[in-house]
Protein chains: 2
Amino acid sequence: MIKKTEENKKAVVLLSGGLDSATVMAIAQNIGFDCYAISFAYGQRHSAELEASKRLAEHYNVVEHKILNIDLGQIGGSALTDTKLAVPEQLEEGIPITYVPARNTIFLSLALGYAEVVTANDIFIGVNAVDYSGYPDCRPEFINAYQHMANLATKVGVEGAQIKINTPLINMSKDQIIKKGMQLGVDYRKTVSCYQADAQGRACGRCDSCRLRMAGFKKAGIEDQTNYV
Amino acid sequence: MIKKTEENKKAVVLLSGGLDSATVMAIAQNIGFDCYAISFAYGQRHSAELEASKRLAEHYNVVEHKILNIDLGQIGGSALTDTKLAVPEQLEEGIPITYVPARNTIFLSLALGYAEVVTANDIFIGVNAVDYSGYPDCRPEFINAYQHMANLATKVGVEGAQIKINTPLINMSKDQIIKKGMQLGVDYRKTVSCYQADAQGRACGRCDSCRLRMAGFKKAGIEDQTNYV
């Protein structure tokens with residue numbers, strides 16, 4: 001059970017603009033946190049996701065929305081940042097080509113620095129280990145190890161406090177996430193999940209991420225209002 | 001004792017352009033690694049450090065030198081990235097204002113992603129816990145926790161291998177580092193340690209980092225050829 005202390009109501013929320021991060025934002029707000037959103041222009045193939053993060057940050061009236069530029073495309077190695085690699089349209093065995101090396105490690109580290117600066121004691125991230133596409137950095141054991149490391153990395157940690165990594169979706173399936181979000185009034189039309197959305201923000205309906213999203217709505221018995229091509 | 005395997009000779013070296021990272025580069029080269037250097041344009045107050053990193057990368061004939069832009073100044077909170085905060089010229093008690101929130105966590109995470117992409121099984125970083133200015137993310141317990149997290153974060157880790165974080169300087173004092181570097185032929189005139197070097201790359205001789213460097217040369221009994229203002 002996530003709680004905020006009376007003294008510290010600040011939380012940093014990683015806001016990609018996707019379905020999961022929108023749900024996490026709604027959860028953090030519902031608990032009563034003052035939210036500081038952080039998004040990353042990391043060289044993803046399209047800007048539809050970032051546009052969605054801006055719409056969500058505005059809708060949820062965050063204290064501040066940081067969009068950090070880090071061009072992971074310079075490092076390469078993923079179909080999500082390297083336009084020379086094709087986004088697969090069938091679920092693959094093992095860790096797929098859409099895996100961005102060390103992405104959640106990098107994003108959490110930047111969120112950790114941001115949390116220290118704004119003196120937030122909580123970080124929210126929408127990882128989940130059920131429909132997680134096989135990414136290693138979405139598993140609970142990764143998050144636990146990250147938390148331990150973060151306690152030792154920071155000034156706050158040295159001073160005996162903690163910046164807590166909250167992962168409210170980690171054990172939820174996509175349909176459970178959608179149901180939770182609907183209870184909290186999330187407008188999923190504002191979100192973009194597709195790995196290769198077009199310039200108008202329309203989803204392809206074929207990539208892994210689209211398939212997980214579609215299956216989630218179907219299983220939840222909720223109409224999928226996503227704008228597909 | 002750091003060893004390379006016959007199969008994998010690749011190492012990613014974090015190269016700030018300072019005295020420590022230059023020494024680490026020399027150590028990694030001396031062991032026989034093919035070095036991939038990574039540096040960060042993170043909004044530091046001056047570019048002298050990055051210029052030094054380029055000179056060193058060239059001198060050591062690295063396979064590739066990535067300079068990644070990540071503007072930590074956007075996050076703020078440190079005298080090293082926020083020009084509104086003054087760099088102190090006296091050693092302070094506790095964690096100083098030059099601490100950049102989560103810096104080593106962020107840098108190691110980007111190095112980790114880079115190592116995965118170039119399929120390096122080793123990362124070298126010049127942290128040390130002796131003359132470490134009180135930064136929490138320079139301590140051995142932080143590095144150990146980071147290693148554990150990294151093993152769980154990466155595709156390599158899931159597949160049962162490891163990207164090893166090597167910290168050959170961690171238990172060395174500044175004078176020991178300098179002696180080691182001199183043995184390996186490091187030209188310290190190519191390095192910049194100063195927190196506020198001027199446009200010509202000249203060191204102030206007054207900040208924490210200059211003081212540690214000067215004291216190190218003195219204690220090592222080696223002439224300090226740094227270009228001071």
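Taken together, the values in this text are just the output of simple stated rules run on the coordinates, not laboratory data. Here the structure is a predicted model, which is why all the values come from computation and not from measurement. Every residue, glycine among them, receives a Cβ derived from its backbone with ideal geometry; neighbour counts consider all protein chains shown.
Sorted from shortest to longest, the distances between the A:Met182 label points of this copy and the other copies are 7.3 nm, with each point 7 Å from Cα along the line through the beta carbon.
Ordering A:Met182, B:Met214, B:Met149 from the fewest to the most neighbouring beta carbons within 10 Å gives A:Met182, B:Met214, B:Met149. Antiparallel beta bridges, as assigned by DSSP with both residues in the protein assembly as shown, represent about 5 percent of the total such bridges.
If only the Cβ of Lys and Arg carry +1 and only the Cβ of Asp and Glu carry -1, the dipole of the protein assembly as shown around its Cα centre is close to 0 debye. As a proxy for reagent exposure, ranking B:Ser39, B:Ser173 by other Cβ atoms within 10 Å from fewest up yields B:Ser173, B:Ser39. Near B:Ile67, the amide H atoms lying under 5 Å from its own belong to B:Ser39; only residues 5 or more places off or on other chains count, and H is placed 1.01 Å from N. For segment A:10-220, the Cβ-based charge dipole about the Cα centre amounts to some 480 debye (Lys, Arg positive; Asp, Glu negative; other atoms uncharged). Taking each DSSP H run with n ≥ 4 as -39500 (n - 2.57) and averaging over every residue of chain B yields -11000 deg cm²/dmol at 222 nm.
Each label was represented as a point 7 Å from its Cα along the Cα-to-Cβ direction; for B:Gln200 and B:Lys219 these points are 3.1 nm apart.
Think of chain B as a dipole: +1 on every Lys or Arg Cβ, -1 on every Asp or Glu Cβ, centred on the Cα centre; then among B:Gly113, B:His65, B:Ala28, B:Ala28 lies furthest on the positive end.
Placing a label point 7 Å from Cα along the Cα-to-Cβ direction at B:Asn227 gives distances to the equivalent points in the other copies of 5.5 nm, listed shortest first.
Hydrodynamic analysis of the protein assembly as shown uses the Kirkwood radius over alpha carbon pairs. Inserted into Stokes-Einstein at 10 °C and 1.306 mPa s, it gives a translational diffusion coefficient of 69 µm²/s.
Give me B:Val12, A:Val156, A:Val186 ranked fewest to most by other Cβ atoms within 10 Å of their Cβ, as a rough exposure proxy.
Details: B:Val12 30, A:Val156 20, A:Val186 23.
Fewest to most other Cβ atoms nearby, the residues stand as A:Val156, A:Val186, B:Val12.
Could you give the angle, 0 to 90 degrees to the nearest 10, between helix A:174-183's Cα long axis and the longest principal axis of the Cα atoms of chain A? That helix lies at roughly 60 degrees to the long axis. Put simply, the amide H of A:Phe124, placed in the peptide plane, has neighbours under 5 Å in A:Val12, A:Val13, A:Leu14, A:Asn166, leaving out anything fewer than 5 places away on its chain. Contact order, relative form, for chain B: 23 percent (alpha carbon pairs under 8 Å, 6 or more residues apart, mean separation divided by residue count). Between copies, the label points of B:Val130, set 7 Å from Cα on the Cα→Cβ line, lie 5.3 nm apart, reported in increasing order to one decimal in nanometres.
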